[in-house]
Amino acid sequence: MTTTTGPAADYWEPLWAQGRRYRQLDDAEKHLLEEHLGTGRDRPALDIGCGDGSLARCLTGLGYRTTGIDCSPSALALAAARPPGPGRAPLWRCVDFTTDDLGTLPEPAYAVITCRLVYRWIDDKDVFLDRVRRLLTPGGVFWVVTEIAGRRPAAGPSQDLGITPEQAELLTAGWSAVRTADLDVLRCYALRP
């Protein structure tokens, strides 16, 4: 595993290293994931910003050949230390999806690309989405789970972790199919080229 340096790693690495943890997958989210992505049949999947690896392990359980990437070595160490679950263990790679060479990924293209609780933090969303589109196979699915602005009760501007309507519009523009499902403050997007 290589280490990544840069603004994203400089921000996230100390948080993971200090023991910060984030919202875990629940049964409702797992059900939506299975409903929108289906079984993997050993097709490749990429989980961007995999953190502790919960979503990557879920994808592997659905039968995908999964790679989890994150810019934080501490997050990846946590992911690698957890039991893999059913099926083969995911691969873990220290990669900043926004800046690193994507040619170093183990697959040239992916049937599923996931991005859970990460999209809001991406500075240049146009470039990010272009990189996703280049890696997604024809007929593939880009699965995004993100908080929506204004849904958190009593959230002030500094507490609102959601994307704006304009950011949601940018996310969904240019896809041939867009399906959404809501989970409390979260919205799940299944986007197809």
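Charging the Cβ of each Asp and Glu at -1 and of each Lys and Arg at +1, and nothing else, the dipole of the chain about its Cα centre rounds to 520 debye.
Less than 5 angstrom separates the built amide H of residue 50 from those of 69, 70, all sequence-distant by 5 or more or on a different chain.
The calculated FRET efficiency for residue 133 paired with residue 41, based on their beta-carbon distance and R0 = 25 Å, is about 0.65. Along the axis of the charge dipole computed for the chain (Cβ charges of +1 for Lys and Arg, -1 for Asp and Glu, origin at the Cα centre), the listed residues 74, 108, 61 are led at the positive end by 61.
For the chain, carbon and sulfur atoms together expose 53% of the accessible surface, with a 1.4 angstrom probe and every protein chain in place. Sorting the segments 84-94, 51-61, 165-175 by their mean number of nearby beta carbons within 10 angstrom, highest to lowest, gives 51-61, 84-94, 165-175.
Summed over qualifying helices (DSSP H, 4 residues or more, each -39500 (n - 2.57)) and divided by its residue number, the chain shows a 222 nm mean residue ellipticity of -8500 deg cm²/dmol. Accessible surface computed residue by residue for the chain, with neighbouring protein chains in place and a 1.4 Å probe, gives 48 Å² per residue. The modelled label-to-label distance between residue 24 and residue 164, using points 7 Å beyond Cα along the C-beta direction, is 3.5 nm.
The values are calculated or read from the model by the stated rules, or taken from the named source; none is laboratory data. Because the structure is a prediction, the values reported are computed rather than measured. Positions of Cβ are backbone-derived with ideal geometry, glycine not excepted, and every protein chain shown enters the neighbour counts. When the accessible area is computed, the model is the full protein with side chains, heavy atoms only, and any ligands, DNA or RNA have been set aside. Shrake-Rupley method; radii C 1.70, N 1.55, O 1.52, S 1.80 Å.
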